[in-house]
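Read through the structure below, which is laid out as structure tokens, and then see the notes.
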Amino acid sequence: MVTEKVLIKKEDKLCSYEMVVIISPQVLDEQLETVINNISNSITAKGGAVSEIVRWGKRNLAYPIRHFYSGTYILAKFTLKPGFSKELENQLKITEPVLRHLLVKLEI
């Protein structure tokens, strides 16, 4: 009984995350805003809150990904329940313009 209450409280707590997303260079600026808004909306739909989105711009990749040699880098900082982080990663894996992503939980 006691362990169930502790587990529920830990899952309800929001954790801080940082995520870097590499978007295909074929995506135009207008479409880039749509992709960023879709990622942001998926975070807020799960009860999270996006605190900052930084556009790093186009950069060369260290190795080709899907035959692309460059990509647009985006850094997002947000809070989310730990249970939804895996769902977010699965959604990013099937999103066509996203070449790669890295989601890191911040220890604060």
Of all residues making up the stretch 74-108, the number that are of a type in the set (Phe, Trp, Tyr) and over 14 Å from residue 43 (Cα atoms): 0
Some residue of the stretch 65-87 being more than 22 Å from residue 28 (Cα to Cα), aromatic (Phe, Trp, Tyr) and touching a residue at least 40 places away in the same chain (Cβ under 8 Å): yes
Any chance residue 77 is at negative phi, out of contact with any strand residue (DSSP E or B) (no Cβ under 8 Å at 6 or more places or on another chain) and among the basic types (Lys, Arg): no
Qualifying residues in the stretch 25-53 (those that are among the aliphatic types (A, V, I, L, M) and more than 20 Å from residue 85 (Cβ to Cβ)) - the one surrounded by the fewest Cβ atoms within 10 Å (Cβ to Cβ): 28
Single residue of the stretch 64-98 satisfying the filter (farther than 12 Å from residue 22 by Cβ and of a type in the set (S, T, N, Q)) that is surrounded by the fewest Cβ atoms within 10 Å (Cβ to Cβ): 90
Matching residues in the stretch 10-64 - criterion: being free of Cβ contacts under 8 Å to residues at least 12 places away in the same chain and among the hydrophobic types (A, V, I, L, M, F, W, C): 28, 45, 62
Selected residue (only one of 88, 102, 75 is hydrophobic (A, V, I, L, M, F, W, C) and at pLDDT below 95): 88
Elements of type strands (runs of 3 or more DSSP E) contained in the stretch 5-108, each with 3 or more residues being β-branched (Val, Ile, Thr): 15-23, 49-65, 68-80
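The values are calculated or read from the model by the stated rules, or taken from the named source; none is laboratory data. Being a predicted model, the structure only gives us computed values, none of them experimental. Don't worry about glycine lacking a Cβ; one is built from the backbone with ideal geometry, like all the others, and counts go over all protein chains shown.
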